[in-house]
Amino acid sequence: MTKIDVLLGLQWGDEGKGKIVDMLTPGYDVIARFNGGPNAGHTIEFDGKKHVLHIIPSGIFHPDKTNIIGSGVLIEPHIFQTEIEGLEERGVDATKNLVISKKTHLILPTHRMMDAANEQAKGKGKIGSTLKGIGPAYTDKVARTGLRVGDVLRPSFGSLYATLKEAHLRQARSLGFDTEAFRIDGLGLDEYERLWMQGLDCLRRFRFVDSEYLVNELMADGKRILAEGAQAMMLDIDFGTYPFVTSSSTIAAGVCTGLGVAPSAIGRVFGVTKAYCTRVGSGPFPTELHDDTGKRLCELGHEYGATTGRARRCGWIDLPALRYACMVNGVTDLFVTKPDVMNDFDEVKMCTAYTVDGAETDRIPFEYCTAAIEPKLESFPGWRCSLAGTGEYASLPGALRAYLDEIEKRTGVRVTAVSISPDRRDVLFKHALVQ
Ligand code: GDP
Ligand code: IMO
Ligand code: MG
(Lines give C-alpha, C1' and ligand atoms only; values in the text may rest on other atoms or scores of the structure.)
(Ligands and ions follow the chains in the order given, each with its own letter.)
Protein backbone atom coordinates (compact mmCIF):
# COMPACT_ATOMS: atom_id res chain seq x y z
CA MET A 1 0.00 0.00 0.00
CA THR A 2 1.52 3.33 -1.01
CA LYS A 3 0.78 6.63 0.70
CA ILE A 4 -0.64 9.79 -0.84
CA ASP A 5 1.67 12.77 -0.97
CA VAL A 6 0.01 16.15 -0.66
CA LEU A 7 0.91 19.51 -2.15
CA LEU A 8 -0.76 22.62 -0.84
CA GLY A 9 -0.44 26.38 -0.55
CA LEU A 10 0.73 27.82 2.78
CA GLN A 11 -0.32 31.45 2.33
CA TRP A 12 -3.44 33.00 0.71
CA GLY A 13 -3.22 31.17 -2.62
CA ASP A 14 -1.32 31.60 -5.88
CA GLU A 15 1.97 30.35 -4.42
CA GLY A 16 2.81 28.51 -7.65
CA LYS A 17 1.16 25.18 -6.77
CA GLY A 18 0.27 24.38 -10.39
CA LYS A 19 3.85 24.80 -11.53
CA ILE A 20 5.26 22.61 -8.76
CA VAL A 21 2.62 19.87 -9.29
CA ASP A 22 3.38 19.81 -13.02
CA MET A 23 7.12 19.62 -12.27
CA LEU A 24 6.61 16.75 -9.78
CA THR A 25 4.13 14.81 -11.96
CA PRO A 26 6.75 12.58 -13.67
CA GLY A 27 7.39 11.01 -10.24
CA TYR A 28 3.71 10.05 -9.77
CA ASP A 29 1.10 7.86 -11.48
CA VAL A 30 -1.92 9.88 -10.41
CA ILE A 31 -2.69 13.54 -9.66
CA ALA A 32 -5.90 14.19 -7.71
CA ARG A 33 -7.69 17.42 -6.82
CA PHE A 34 -9.50 17.21 -3.48
CA ASN A 35 -11.00 20.67 -2.85
CA GLY A 36 -12.09 23.95 -4.38
CA GLY A 37 -13.35 24.51 -7.88
CA PRO A 38 -13.16 27.18 -10.57
CA ASN A 39 -12.08 29.77 -7.99
CA ALA A 40 -8.60 28.23 -8.43
CA GLY A 41 -6.23 29.33 -11.19
CA HIS A 42 -3.13 27.17 -11.49
CA THR A 43 -0.55 28.35 -14.02
CA ILE A 44 1.85 26.03 -15.79
CA GLU A 45 4.52 27.17 -18.25
CA PHE A 46 6.59 25.07 -20.62
CA ASP A 47 7.94 25.43 -24.18
CA GLY A 48 7.35 29.18 -23.87
CA LYS A 49 3.58 28.71 -23.43
CA LYS A 50 1.37 29.50 -20.46
CA HIS A 51 -1.60 27.33 -19.44
CA VAL A 52 -4.09 28.14 -16.68
CA LEU A 53 -6.13 25.34 -15.11
CA HIS A 54 -9.14 25.91 -12.86
CA ILE A 55 -10.88 22.59 -12.18
CA ILE A 56 -8.63 20.10 -13.92
CA PRO A 57 -5.61 18.72 -12.04
CA SER A 58 -2.18 20.03 -13.03
CA GLY A 59 -1.00 16.58 -14.17
CA ILE A 60 -3.11 16.80 -17.34
CA PHE A 61 -0.21 17.72 -19.63
CA HIS A 62 1.39 14.32 -18.97
CA PRO A 63 -0.65 11.88 -21.12
CA ASP A 64 0.49 8.75 -19.26
CA LYS A 65 -0.78 10.00 -15.88
CA THR A 66 -4.27 9.59 -14.46
CA ASN A 67 -6.00 12.73 -13.20
CA ILE A 68 -8.84 12.56 -10.71
CA ILE A 69 -11.37 15.22 -9.74
CA GLY A 70 -12.29 14.12 -6.22
CA SER A 71 -15.53 14.35 -4.27
CA GLY A 72 -14.43 17.46 -2.35
CA VAL A 73 -14.19 19.52 -5.56
CA LEU A 74 -16.91 21.62 -7.22
CA ILE A 75 -17.55 21.52 -10.97
CA GLU A 76 -19.21 24.28 -12.95
CA PRO A 77 -20.04 22.49 -16.24
CA HIS A 78 -19.66 25.45 -18.61
CA ILE A 79 -16.31 26.47 -17.11
CA PHE A 80 -15.30 22.79 -17.25
CA GLN A 81 -16.24 22.57 -20.94
CA THR A 82 -14.30 25.76 -21.73
CA GLU A 83 -11.27 24.29 -20.00
CA ILE A 84 -11.59 20.96 -21.84
CA GLU A 85 -11.89 22.78 -25.19
CA GLY A 86 -8.86 24.91 -24.39
CA LEU A 87 -6.89 21.74 -23.75
CA GLU A 88 -8.15 20.20 -27.02
CA GLU A 89 -6.83 23.26 -28.89
CA ARG A 90 -3.43 22.45 -27.38
CA GLY A 91 -3.68 18.84 -28.52
CA VAL A 92 -4.62 17.41 -25.10
CA ASP A 93 -7.55 14.97 -25.09
CA ALA A 94 -8.55 14.93 -21.43
CA THR A 95 -11.23 12.24 -21.92
CA LYS A 96 -8.32 9.76 -22.04
CA ASN A 97 -6.79 10.46 -18.64
CA LEU A 98 -9.27 12.41 -16.51
CA VAL A 99 -11.93 10.78 -14.34
CA ILE A 100 -14.50 12.47 -12.11
CA SER A 101 -15.99 11.42 -8.79
CA LYS A 102 -19.75 10.84 -8.90
CA LYS A 103 -19.92 12.64 -5.55
CA THR A 104 -18.38 15.89 -6.84
CA HIS A 105 -20.93 18.67 -6.33
CA LEU A 106 -22.19 20.85 -9.18
CA ILE A 107 -22.18 24.64 -9.29
CA LEU A 108 -25.44 25.83 -10.87
CA PRO A 109 -25.77 29.20 -12.64
CA THR A 110 -27.94 30.28 -9.72
CA HIS A 111 -25.15 29.43 -7.27
CA ARG A 112 -23.15 32.09 -9.10
CA MET A 113 -26.08 34.45 -8.78
CA MET A 114 -26.30 33.72 -5.04
CA ASP A 115 -22.57 34.46 -4.71
CA ALA A 116 -23.19 37.92 -6.19
CA ALA A 117 -26.34 38.39 -4.08
CA ASN A 118 -24.52 37.49 -0.86
CA GLU A 119 -21.59 39.77 -1.66
CA GLN A 120 -23.98 42.63 -2.45
CA ALA A 121 -25.79 42.05 0.83
CA LYS A 122 -22.49 42.13 2.76
CA GLY A 123 -21.62 45.54 1.30
CA LYS A 124 -18.32 46.81 2.72
CA GLY A 125 -17.78 43.53 4.58
CA LYS A 126 -17.72 41.51 1.37
CA ILE A 127 -15.31 38.58 1.06
CA GLY A 128 -14.02 39.55 -2.37
CA SER A 129 -15.20 36.19 -3.72
CA THR A 130 -14.20 35.08 -7.21
CA LEU A 131 -18.00 34.96 -7.88
CA LYS A 132 -17.77 31.43 -9.27
CA GLY A 133 -20.51 30.18 -6.93
CA ILE A 134 -18.19 28.43 -4.47
CA GLY A 135 -19.77 29.54 -1.17
CA PRO A 136 -23.39 28.89 -2.23
CA ALA A 137 -22.56 25.48 -3.78
CA TYR A 138 -20.75 24.28 -0.62
CA THR A 139 -23.64 25.72 1.40
CA ASP A 140 -26.06 23.46 -0.51
CA LYS A 141 -23.69 20.53 0.01
CA VAL A 142 -23.73 21.03 3.77
CA ALA A 143 -27.46 21.79 3.79
CA ARG A 144 -27.95 18.45 1.97
CA THR A 145 -29.72 20.12 -0.93
CA GLY A 146 -26.91 20.03 -3.53
CA LEU A 147 -26.68 18.20 -6.85
CA ARG A 148 -23.78 15.91 -7.66
CA VAL A 149 -22.08 14.78 -10.85
CA GLY A 150 -23.65 11.30 -10.55
CA ASP A 151 -27.09 12.94 -10.49
CA VAL A 152 -26.76 14.12 -14.11
CA LEU A 153 -27.41 10.50 -15.20
CA ARG A 154 -30.71 10.30 -13.26
CA PRO A 155 -33.95 10.69 -15.24
CA SER A 156 -35.17 13.08 -12.56
CA PHE A 157 -32.18 15.44 -12.96
CA GLY A 158 -34.26 18.10 -14.78
CA SER A 159 -36.81 18.41 -12.00
CA LEU A 160 -34.13 18.31 -9.25
CA TYR A 161 -32.33 21.12 -11.06
CA ALA A 162 -35.53 23.18 -11.44
CA THR A 163 -36.38 22.82 -7.74
CA LEU A 164 -32.94 23.99 -6.61
CA LYS A 165 -32.92 26.86 -9.11
CA GLU A 166 -36.30 28.08 -7.85
CA ALA A 167 -35.07 27.97 -4.25
CA HIS A 168 -32.06 30.12 -5.23
CA LEU A 169 -34.25 32.63 -7.05
CA ARG A 170 -36.46 32.96 -3.98
CA GLN A 171 -33.41 33.43 -1.72
CA ALA A 172 -31.90 36.06 -4.01
CA ARG A 173 -35.15 38.02 -4.20
CA SER A 174 -35.50 37.89 -0.43
CA LEU A 175 -32.11 39.66 -0.27
CA GLY A 176 -33.46 42.36 -2.57
CA PHE A 177 -31.24 41.18 -5.43
CA ASP A 178 -32.29 42.01 -8.98
CA THR A 179 -32.25 38.55 -10.62
CA GLU A 180 -33.39 39.95 -13.98
CA ALA A 181 -30.43 42.29 -14.24
CA PHE A 182 -27.90 39.64 -13.15
CA ARG A 183 -25.32 38.69 -15.81
CA ILE A 184 -22.67 35.96 -16.10
CA ASP A 185 -20.08 36.77 -18.77
CA GLY A 186 -22.55 39.35 -20.13
CA LEU A 187 -25.39 36.80 -20.39
CA GLY A 188 -28.69 36.69 -18.52
CA LEU A 189 -29.50 33.63 -16.41
CA ASP A 190 -31.58 31.87 -19.11
CA GLU A 191 -28.96 32.38 -21.81
CA TYR A 192 -26.16 31.22 -19.52
CA GLU A 193 -28.24 28.24 -18.45
CA ARG A 194 -28.22 27.00 -22.07
CA LEU A 195 -24.40 27.03 -22.09
CA TRP A 196 -24.40 25.32 -18.70
CA MET A 197 -26.63 22.53 -20.03
CA GLN A 198 -24.24 22.07 -22.98
CA GLY A 199 -21.50 21.79 -20.38
CA LEU A 200 -23.38 18.84 -18.88
CA ASP A 201 -23.14 17.08 -22.27
CA CYS A 202 -19.39 17.66 -22.21
CA LEU A 203 -19.23 16.31 -18.66
CA ARG A 204 -21.08 13.12 -19.65
CA ARG A 205 -18.25 12.26 -22.06
CA PHE A 206 -16.04 11.56 -19.04
CA ARG A 207 -15.81 8.47 -16.88
CA PHE A 208 -17.62 8.97 -13.57
CA VAL A 209 -16.07 6.92 -10.77
CA ASP A 210 -16.48 6.02 -7.14
CA SER A 211 -13.25 7.86 -6.48
CA GLU A 212 -12.84 6.65 -2.89
CA TYR A 213 -12.71 3.04 -4.15
CA LEU A 214 -10.51 3.98 -7.09
CA VAL A 215 -7.98 5.89 -4.97
CA ASN A 216 -7.73 3.14 -2.34
CA GLU A 217 -7.36 0.47 -5.05
CA LEU A 218 -4.64 2.49 -6.76
CA MET A 219 -2.75 2.71 -3.45
CA ALA A 220 -3.17 -1.02 -2.90
CA ASP A 221 -1.71 -1.53 -6.41
CA GLY A 222 1.37 0.43 -5.40
CA LYS A 223 0.54 3.47 -7.53
CA ARG A 224 1.98 6.80 -6.45
CA ILE A 225 -0.60 9.55 -5.93
CA LEU A 226 -0.10 13.28 -5.48
CA ALA A 227 -3.05 15.25 -4.06
CA GLU A 228 -3.12 18.81 -5.41
CA GLY A 229 -4.54 21.46 -3.12
CA ALA A 230 -6.39 24.52 -4.33
CA GLN A 231 -6.44 27.85 -2.47
CA ALA A 232 -4.30 27.67 0.65
CA MET A 233 -3.95 27.30 4.39
CA MET A 234 -4.97 30.85 5.31
CA LEU A 235 -8.15 30.55 3.19
CA ASP A 236 -9.23 27.32 4.93
CA ILE A 237 -12.85 27.27 6.14
CA ASP A 238 -11.85 26.15 9.66
CA PHE A 239 -8.36 27.50 10.30
CA GLY A 240 -8.03 30.38 7.84
CA THR A 241 -8.77 34.06 8.40
CA TYR A 242 -12.50 33.46 8.85
CA PRO A 243 -14.81 34.87 7.54
CA PHE A 244 -12.42 36.01 4.80
CA VAL A 245 -11.82 32.48 3.54
CA THR A 246 -13.10 30.11 0.90
CA SER A 247 -15.70 27.46 1.77
CA SER A 248 -13.65 24.26 1.52
CA SER A 249 -11.11 22.40 3.54
CA THR A 250 -7.86 23.50 1.94
CA ILE A 251 -5.59 21.76 4.46
CA ALA A 252 -4.01 18.29 4.47
CA ALA A 253 -7.02 16.94 6.39
CA GLY A 254 -9.13 17.94 3.38
CA VAL A 255 -7.40 15.20 1.40
CA CYS A 256 -9.12 12.58 3.60
CA THR A 257 -12.60 14.09 3.24
CA GLY A 258 -12.09 15.20 -0.37
CA LEU A 259 -10.78 11.90 -1.71
CA GLY A 260 -12.03 9.31 0.77
CA VAL A 261 -8.76 8.10 2.29
CA ALA A 262 -7.67 7.43 5.85
CA PRO A 263 -5.43 9.90 7.74
CA SER A 264 -2.81 7.13 7.89
CA ALA A 265 -2.69 7.18 4.07
CA ILE A 266 -1.05 10.62 4.01
CA GLY A 267 2.66 10.55 3.23
CA ARG A 268 4.80 13.61 2.50
CA VAL A 269 3.22 17.04 2.74
CA PHE A 270 4.74 19.56 0.34
CA GLY A 271 3.99 23.16 1.29
CA VAL A 272 4.41 25.90 -1.30
CA THR A 273 5.18 29.48 -0.27
CA LYS A 274 6.27 32.52 -2.17
CA ALA A 275 9.48 34.20 -1.00
CA TYR A 276 7.16 37.12 -0.25
CA CYS A 277 3.40 37.10 0.22
CA THR A 278 0.25 37.98 -1.71
CA ARG A 279 -3.47 37.99 -1.12
CA VAL A 280 -6.38 38.67 -3.47
CA GLY A 281 -9.78 39.71 -2.13
CA SER A 282 -10.62 41.15 1.29
CA GLY A 283 -9.34 40.20 4.73
CA PRO A 284 -6.38 40.74 7.03
CA PHE A 285 -2.85 40.75 5.64
CA PRO A 286 -0.45 42.06 8.32
CA THR A 287 2.64 42.33 6.11
CA GLU A 288 0.86 44.08 3.24
CA LEU A 289 2.86 46.93 1.70
CA HIS A 290 0.92 49.97 0.57
CA ASP A 291 4.05 51.71 -0.71
CA ASP A 292 6.29 51.56 -3.79
CA THR A 293 7.85 48.28 -2.63
CA GLY A 294 4.38 46.69 -2.69
CA LYS A 295 3.81 48.09 -6.17
CA ARG A 296 7.19 46.75 -7.32
CA LEU A 297 6.36 43.26 -6.02
CA CYS A 298 3.04 43.41 -7.86
CA GLU A 299 4.54 44.57 -11.16
CA LEU A 300 7.74 42.49 -11.13
CA GLY A 301 5.83 39.40 -9.90
CA HIS A 302 2.99 39.91 -12.42
CA GLU A 303 0.67 39.60 -9.46
CA TYR A 304 -2.67 39.64 -11.24
CA GLY A 305 -5.19 36.86 -10.53
CA ALA A 306 -5.12 33.88 -12.91
CA THR A 307 -8.92 33.53 -12.47
CA THR A 308 -10.24 37.06 -12.09
CA GLY A 309 -7.39 39.29 -13.33
CA ARG A 310 -7.60 41.31 -10.09
CA ALA A 311 -4.36 42.89 -8.81
CA ARG A 312 -3.05 40.88 -5.86
CA ARG A 313 -2.13 42.69 -2.66
CA CYS A 314 1.60 42.21 -1.94
CA GLY A 315 3.82 42.22 1.14
CA TRP A 316 6.70 40.57 2.96
CA ILE A 317 6.79 36.90 3.90
CA ASP A 318 4.94 36.21 7.15
CA LEU A 319 6.70 33.63 9.36
CA PRO A 320 4.08 33.34 12.12
CA ALA A 321 1.53 32.47 9.41
CA LEU A 322 4.00 30.09 7.75
CA ARG A 323 4.79 28.30 11.02
CA TYR A 324 1.07 27.98 11.71
CA ALA A 325 0.58 26.48 8.24
CA CYS A 326 3.43 24.01 8.78
CA MET A 327 1.92 22.97 12.13
CA VAL A 328 -1.68 22.48 10.97
CA ASN A 329 -0.65 20.58 7.85
CA GLY A 330 2.35 18.61 9.09
CA VAL A 331 4.44 20.05 6.26
CA THR A 332 7.51 17.89 5.58
CA ASP A 333 9.02 19.93 2.75
CA LEU A 334 8.91 23.59 1.78
CA PHE A 335 8.95 24.69 -1.86
CA VAL A 336 9.80 28.40 -2.06
CA THR A 337 8.77 30.19 -5.26
CA LYS A 338 9.44 33.54 -6.90
CA PRO A 339 12.56 34.85 -5.11
CA ASP A 340 13.59 36.08 -8.59
CA VAL A 341 10.92 38.79 -8.28
CA MET A 342 13.11 40.45 -5.61
CA ASN A 343 16.38 40.22 -7.59
CA ASP A 344 16.82 44.01 -7.66
CA PHE A 345 15.91 44.66 -4.03
CA ASP A 346 18.61 46.16 -1.78
CA GLU A 347 16.97 44.55 1.22
CA VAL A 348 14.28 41.95 1.78
CA LYS A 349 12.21 41.68 4.96
CA MET A 350 10.56 38.95 6.96
CA CYS A 351 7.84 39.27 9.55
CA THR A 352 9.02 37.27 12.57
CA ALA A 353 6.27 38.13 15.08
CA TYR A 354 3.22 40.35 15.52
CA THR A 355 2.23 42.97 18.02
CA VAL A 356 -1.46 42.40 18.69
CA ASP A 357 -3.15 45.13 20.72
CA GLY A 358 0.22 46.02 22.23
CA ALA A 359 1.42 42.49 23.11
CA GLU A 360 4.01 40.58 21.08
CA THR A 361 3.13 37.09 19.85
CA ASP A 362 4.33 34.63 17.23
CA ARG A 363 0.91 32.95 17.05
CA ILE A 364 -2.14 33.55 14.88
CA PRO A 365 -4.62 35.09 17.32
CA PHE A 366 -8.37 34.43 17.21
CA GLU A 367 -8.76 38.21 16.81
CA TYR A 368 -6.78 38.15 13.51
CA CYS A 369 -9.60 39.86 11.60
CA THR A 370 -10.60 42.36 14.26
CA ALA A 371 -7.51 43.38 16.26
CA ALA A 372 -4.82 45.86 15.24
CA ILE A 373 -1.90 43.68 14.13
CA GLU A 374 1.55 45.18 13.60
CA PRO A 375 4.20 43.01 11.95
CA LYS A 376 7.65 42.92 13.54
CA LEU A 377 10.01 43.01 10.55
CA GLU A 378 13.63 41.90 10.22
CA SER A 379 15.73 43.03 7.31
CA PHE A 380 18.12 40.90 5.22
CA PRO A 381 20.51 41.98 2.47
CA GLY A 382 19.21 41.52 -1.08
CA TRP A 383 21.16 39.41 -3.59
CA ARG A 384 21.04 42.02 -6.32
CA CYS A 385 21.62 39.77 -9.31
CA SER A 386 19.67 37.76 -11.84
CA LEU A 387 18.95 34.13 -11.02
CA ALA A 388 18.36 33.23 -14.68
CA GLY A 389 20.37 30.25 -15.80
CA THR A 390 21.29 29.11 -12.29
CA GLY A 391 21.65 25.36 -12.73
CA GLU A 392 21.93 24.16 -9.16
CA TYR A 393 21.04 25.23 -5.66
CA ALA A 394 24.66 25.66 -4.56
CA SER A 395 25.17 28.27 -7.31
CA LEU A 396 22.46 30.57 -5.99
CA PRO A 397 23.80 33.84 -4.54
CA GLY A 398 24.85 33.55 -0.89
CA ALA A 399 22.40 36.23 0.29
CA LEU A 400 19.47 34.27 -1.15
CA ARG A 401 20.70 31.02 0.37
CA ALA A 402 21.01 32.79 3.73
CA TYR A 403 17.43 34.08 3.34
CA LEU A 404 16.16 30.55 2.59
CA ASP A 405 18.18 29.13 5.51
CA GLU A 406 16.45 31.65 7.75
CA ILE A 407 13.01 30.44 6.57
CA GLU A 408 14.13 26.87 7.23
CA LYS A 409 15.44 27.74 10.70
CA ARG A 410 12.39 29.71 11.78
CA THR A 411 9.78 27.24 10.50
CA GLY A 412 11.71 24.13 11.52
CA VAL A 413 10.89 22.62 8.11
CA ARG A 414 13.48 21.99 5.45
CA VAL A 415 13.41 24.01 2.24
CA THR A 416 13.54 21.16 -0.24
CA ALA A 417 13.52 23.24 -3.40
CA VAL A 418 13.31 26.75 -4.76
CA SER A 419 11.63 27.85 -7.97
CA ILE A 420 13.29 30.70 -9.85
CA SER A 421 11.06 31.28 -12.88
CA PRO A 422 7.56 30.34 -14.15
CA ASP A 423 9.06 27.60 -16.35
CA ARG A 424 8.63 24.00 -15.18
CA ARG A 425 12.39 23.35 -15.54
CA ASP A 426 13.51 26.10 -13.17
CA VAL A 427 13.33 24.31 -9.82
CA LEU A 428 16.54 23.86 -7.84
CA PHE A 429 16.67 21.16 -5.19
CA LYS A 430 18.51 21.73 -1.94
CA HIS A 431 17.59 18.29 -0.62
CA ALA A 432 16.78 15.11 -2.50
CA LEU A 433 13.04 14.61 -2.77
CA VAL A 434 11.63 11.79 -0.67
CA GLN A 435 8.39 10.56 -2.29
P1 GDP B 1 -1.22 28.66 -8.00
O2 GDP B 1 -2.63 29.10 -7.90
O3 GDP B 1 -0.62 28.37 -6.67
O4 GDP B 1 -1.01 27.52 -8.96
O5 GDP B 1 -0.41 29.90 -8.57
P6 GDP B 1 -0.85 30.89 -9.78
O7 GDP B 1 -0.66 30.18 -11.06
O8 GDP B 1 -2.17 31.49 -9.51
O9 GDP B 1 0.19 32.07 -9.59
C10 GDP B 1 1.55 31.86 -9.59
C11 GDP B 1 2.18 32.74 -10.67
O12 GDP B 1 3.57 32.78 -10.49
C13 GDP B 1 1.97 32.17 -12.08
O14 GDP B 1 1.88 33.24 -12.98
C15 GDP B 1 3.24 31.36 -12.31
O16 GDP B 1 3.54 31.23 -13.69
C17 GDP B 1 4.26 32.22 -11.62
N18 GDP B 1 5.42 31.50 -11.03
C19 GDP B 1 5.45 30.28 -10.43
N20 GDP B 1 6.69 30.04 -9.94
C21 GDP B 1 7.44 31.13 -10.23
C22 GDP B 1 8.79 31.50 -9.96
O23 GDP B 1 9.55 30.79 -9.32
N24 GDP B 1 9.19 32.73 -10.42
C25 GDP B 1 8.36 33.56 -11.10
N26 GDP B 1 8.84 34.75 -11.49
N27 GDP B 1 7.09 33.25 -11.37
C28 GDP B 1 6.63 32.05 -10.94
P1 IMO C 1 -5.56 29.17 -6.12
O2 IMO C 1 -5.89 27.71 -6.10
C3 IMO C 1 -6.09 33.12 -4.35
C4 IMO C 1 -9.96 33.97 -2.47
C5 IMO C 1 -10.85 35.00 -3.13
C6 IMO C 1 -11.61 35.51 -1.92
C7 IMO C 1 -11.78 34.27 -1.06
C8 IMO C 1 -13.12 33.57 -1.24
O9 IMO C 1 -5.34 29.70 -7.49
O10 IMO C 1 -4.47 29.51 -5.17
P11 IMO C 1 -14.30 32.18 -3.17
O12 IMO C 1 -14.47 32.45 -4.64
O13 IMO C 1 -13.58 30.92 -2.88
O14 IMO C 1 -15.59 32.30 -2.42
O15 IMO C 1 -13.38 33.39 -2.64
O16 IMO C 1 -10.74 33.39 -1.44
N17 IMO C 1 -9.53 32.86 -3.36
C18 IMO C 1 -8.28 32.73 -3.86
N19 IMO C 1 -7.21 33.55 -3.75
N20 IMO C 1 -5.98 31.95 -5.01
C21 IMO C 1 -7.04 31.11 -5.10
O22 IMO C 1 -6.94 29.87 -5.62
C23 IMO C 1 -8.27 31.51 -4.54
N24 IMO C 1 -9.50 30.95 -4.48
C25 IMO C 1 -10.26 31.79 -3.74
O26 IMO C 1 -10.10 35.99 -3.76
O27 IMO C 1 -10.80 36.42 -1.20
MG1 MG D 1 -3.87 30.68 -8.49
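The values are calculated or read from the model by the stated rules, or taken from the named source; none is laboratory data. Here the structure is a predicted model, which is why all the values come from computation and not from measurement. Cβ atoms come from the backbone with ideal geometry, glycine included; neighbour counts cover every protein chain shown. Side chains included, ligands, DNA and RNA excluded: accessible areas come from the protein's heavy atoms. Shrake-Rupley method; radii C 1.70, N 1.55, O 1.52, S 1.80 Å.
Observations on the structure shown:
- Qualifying positions in region 327-343 - assigned to a strand (DSSP E or B) and within 16 Å of ligand 3 (Cβ to nearest atom): F335, T337
- Applying the condition of being of a type in the set (S, T, N, Q) and open to solvent by less than 10 Å² (accessible area, probe 1.4 Å) to region 57-68 and asking which residue is nearest to R207 (Cα to Cα) yields N67.
- In region 16-51, the residues that are β-branched (V, I, T) and either assigned by TED's automatic domain parsing to the domain that holds T337 or within 9 Å of ligand 2 (Cβ to nearest atom) (or both): T43
- Residue in region 298-320 that is nearest to E378 (Cα to Cα), counting only those that are in a helix (DSSP H, G or I) and more than 11 Å from ligand 1 (Cβ to nearest atom): L319
- Index of the failed condition, S71 passing every other in (1) of a type outside the set (F, W, Y); (2) open to solvent by less than 10 Å² (accessible area, probe 1.4 Å); (3) away from ligand 2 (no atom under 15 Å from the Cβ); (4) in contact with a Lys or Arg (Cβ under 6 Å, 6 or more places away or on another chain): (2)
- Filter result for Y324 (open to solvent by less than 10 Å² (accessible area, probe 1.4 Å), of a type outside the set (A, V, I, L, M, F, W, C) and not in a loop (DSSP other than H, G, I, E, B)): no
- Per-region count, region 147-173, residues within 14 Å of M114 (Cα to Cα) and of a type in the set (G, A, S): 2
- Among residues of region 299-312 that are under 19 Å from N343 (Cα atoms), those with a beta-carbon under 6 Å from a residue that is within 8 Å of ligand 1 (Cβ to nearest atom) and outside any loop (DSSP other than H, G, I, E, B) at least six positions away or on a different chain give the pairs L300/V341; G301/V341.
- Scanning region 265-297 for residues that are in a loop (DSSP other than H, G, I, E, B) and not aromatic (F, W, Y) yields A275, V280, G281, S282, G283, P284, P286, T287, L289, H290, D291.
- Every residue from region 253-277 that is more than 17 Å from G36 (Cβ to Cβ), open to solvent by less than 20 Å² (accessible area, probe 1.4 Å) and of a type in the set (V, I, T): V261, V269, T273
- Of all the criteria given as (1) over 30 Å from A167 (Cα atoms); (2) open to solvent by 20 Å² or more (accessible area, probe 1.4 Å); (3) touching a helix residue (DSSP H, G or I) at 6+ places or on another chain (Cβ under 7 Å), the one not satisfied by K102 is (1).
- One residue stands out among those in region 1-56 that are crowded, with 21+ Cβ neighbours inside 10 Å and small (G, A, S): the one that is farthest from ligand 1 (Cβ to nearest atom), which is A32.
- Whether a residue is in a loop (DSSP other than H, G, I, E, B) and open to solvent by 40 Å² or more (accessible area, probe 1.4 Å) was assessed, and R401 does not pass this test.
- In region 344-370, the residues that are part of a loop (DSSP other than H, G, I, E, B) and open to solvent by less than 20 Å² (accessible area, probe 1.4 Å): F345
- Residues being within 16 Å of ligand 2 (Cβ to nearest atom), of a type in the set (A, V, I, L, M, F, W, C), surrounded by fewer than 24 Cβ atoms within 10 Å (Cβ to Cβ) and assigned by TED's automatic domain parsing to the domain that holds M234 are represented in region 77-87 by at least one member.
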